[in-house]
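A quick write-up on the structure given underneath.
The values are calculated or read from the model by the stated rules, or taken from the named source; none is laboratory data. Note that this is a predicted model, so its numbers are computed, not measured. All Cβ positions, glycine included, derive from the backbone under ideal geometry; neighbour counts span all protein chains shown.
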Amino acid sequence: MGIQSYIVQELNIDLKTDARIQMWHDDFVVLKGPITVAVTQNHRLSDRDPYIIEPAYTVRIRAGETKKFTNEQYRATHPGDWNTEITLVSED
């Protein structure tokens, strides 16, 4: 089925394929279970700085549950440019 089949709500998603979602601006996506995804974020303070890649983490969303993923940037909690990638691990 692919990750797109599990999207309940979205705002300004930059890239969607069967296997992944990418958010590059102030975006969000709500996924419904049952699904397991891996989430990776990278960020930099300015265009002159290299990207810092945060450790990936896995999220399992059970049947009947939803989970909202956001990509915020240029804010006190997320200074600079942030990007989020959500990759399908398994369709539980």
Please determine, by comparing only the residues of segment 16-34 that are charged (D, E, K, R) and surrounded by 13 or more Cβ atoms within 10 Å (Cβ to Cβ), which one is modelled with the lowest pLDDT.
D26
Mind counting the residues in segment 17-34 that are farther than 25 Å from A76 by Cα and not in a strand (DSSP E or B)?
4
Given the conditions (1) surrounded by fewer than 16 Cβ atoms within 10 Å (Cβ to Cβ); (2) in a loop (DSSP other than H, G, I, E, B), which single one is not true for I13?
(1)
Of the residues in segment 9-53, those that are within 14 Å of T70 (Cα to Cα), in contact (Cβ under 8 Å) with a residue 40 or more places away in the chain and touching a Lys or Arg at 6+ places or on another chain (Cβ under 7 Å) come to F28, L31
Here are some residues: V37, V8. Which one is surrounded by 15 or more Cβ atoms within 10 Å (Cβ to Cβ) and not polar (S, T, N, Q)?
V37
Which of the residues that make up segment 40-73 are among the aliphatic types (A, V, I, L, M) and either surrounded by 16 or more Cβ atoms within 10 Å (Cβ to Cβ) or assigned to a loop (DSSP other than H, G, I, E, B) (or both)?
L45, A56, I61
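Every residue, every condition in (1) among the polar types (S, T, N, Q); (2) out of contact with any strand residue (DSSP E or B) (no Cβ under 7 Å at 6 or more places or on another chain), yes or no:
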| site | (1), (2) |
| --- | --- |
| S5 | yes, yes |
| T36 | yes, no |
| D49 | no, yes |
| R62 | no, no |
| N71 | yes, no |
Scanning segment 74-92 for residues that are over 14 Å from I3 (Cα atoms) and crowded, with 18+ Cβ neighbours inside 10 Å, the one nearest to the chain's Cα centre (by Cα) turns out to be T84
